[in-house]
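Have a look at the structure below before the remarks.
The values are calculated or read from the model by the stated rules, or taken from the named source; none is laboratory data. All of these numbers come straight from a predicted model, not from anything done at the bench. Every residue, glycine among them, receives a Cβ derived from its backbone with ideal geometry; neighbour counts consider all protein chains shown.
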Amino acid sequence: MSAAVPHVVVIAFPFASHAVKLFRLARALAAAAPAATFSFLSTAALLQEQQKKHDDTLAAVLRHASVGAFVTHAGWASVLEGVSAGVPMACRPFFTDQKMNAQLVARVWGFGTVLEEPMKREAVAEAVPLLLAGDQGIRMWEKMQEIQRMAASAFAPDGGSRENLDKLVKIVCGEL
């Protein structure tokens, strides 16, 4: 009886231009792994419209002039959405990367605060005014605007984030 051949399913999600690059990276990895079989599925047709509606709604809410702060679980995507909108954050992490992300937001980058466990009404009542007013709120707002500009520059078509992803794909594909 022969050994089972591992099978890898690669599903490309339609998130900006990175999906095409990651799909290409997966194909290069498949070519380098002859002992495995790969299936490539695209969810673009199924998810693109639904994802766009979600992204448009969330972006519109976070960018609305009346939004002064964002209460979030501090998942990486949520932190990026908050940064993109330029909104200071009150983070209530639950597990995995969220705790580290919350600490980065509050203690390293300085544009938010962390709501510790157990989260109580009083903690939220204390945190929200810190984000919206006073010297600390002004500092967080200014820091957020600085980080927002830096992120916009990195994610621009000629920005460092895209350049580095392009370089990684070229290295894995043997083009560098």
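Taking the range 137-176 as the region of interest, how many residues are of a type outside the set (A, V, I, L, M, F, W, C), surrounded by 15 or more Cβ atoms within 10 Å (Cβ to Cβ) and at pLDDT 90 or above?
Going through the range 137-176 one residue at a time, the tally reaches 3.
Do we find a residue being surrounded by 13 or more Cβ atoms within 10 Å (Cβ to Cβ), of a type in the set (S, T, N, Q) and in contact with a strand residue (DSSP E or B) (Cβ under 9 Å, 6 or more places away or on another chain) anywhere in the range 103-118?
yes
Which residue pairs have Cβ atoms under 7 Å apart, sit 6 or more places apart or on different chains, and have a first residue in the range 86-109 that is free of Cβ contacts under 8 Å to residues at least 24 places away in the same chain and a second that is among the hydrophobic types (A, V, I, L, M, F, W, C) and not in a loop (DSSP other than H, G, I, E, B)?
Hits for this filter: 93/102; 97/76; 103/114; 106/91; 106/114.
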